[in-house]
Amino acid sequence: MSEGLQVNENNYVPVESDKINGDKCDNVTFTGALETLLVEFEGETYPLQELAQVGRKNPQLAVLNLSSLPDACQPVIKAIQASGMNLNPQQEGTTIYVPLPKLVYFFTERRLY
């Protein structure tokens with residue numbers, strides 16, 4: 001197992017579920033990066049998954065439900081924008097939609113001569 005996508009060492013905790021096997025990449029997603037994103041809320045720092053329910057509507061759209069903590073919407077949006085992941089969250093009430101880009105990895109075989 002690898003440590004996952006390390007986008008910004010100040011705002012991201014590595015995800016153990018991201019796996020890279022040989023030359024193939026399995027289960028590397030932005031959703032895992034979003035769940036562990038650190039958010040400053042009411043003077044304390046929390047992982048996003050403690051403040052919001054994180055889900056996926058389709059492969060290119062993550063949905064964050066903050067109905068239990070509506071005051072956390074703006075800090076969550078600011079944390080996503082400052083994360084360095086180049087994501088553009090859109091708020092609709094207490095729901096935040098995050099369009100996700102497709103991940104592309106290029107692997108080359110290393111041959112020793």
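Some observations on this one:
- Any hit, region 21-38, residues being loosely packed, with under 13 Cβ neighbours inside 10 Å, at pLDDT 90 or above, among the acidic types (Asp, Glu) and out of contact with any Leu (no Cβ under 6 Å at 6 or more places or on another chain): no
- Residue tally, condition at pLDDT 90 or above and outside any strand (DSSP E or B), over region 51-86: 19
- Pairing each residue of region 39-60 that is without any contact (Cβ under 8 Å) to a residue 24 or more places away in the chain and over 13 Å from residue 73 (Cβ atoms) with any residue that is assigned to a helix (DSSP H, G or I) and of a type in the set (D, E, K, R), provided the two are 6+ apart or on different chains, yields C-beta distances under 7 Å for 49/35; 54/35.
The values are calculated or read from the model by the stated rules, or taken from the named source; none is laboratory data. Predicted model, so just to flag it, every value in this text is computed and none were measured. Heads up, the Cβs are rebuilt from the backbone with ideal geometry, glycines too, and the neighbour counts pull from every protein chain shown.
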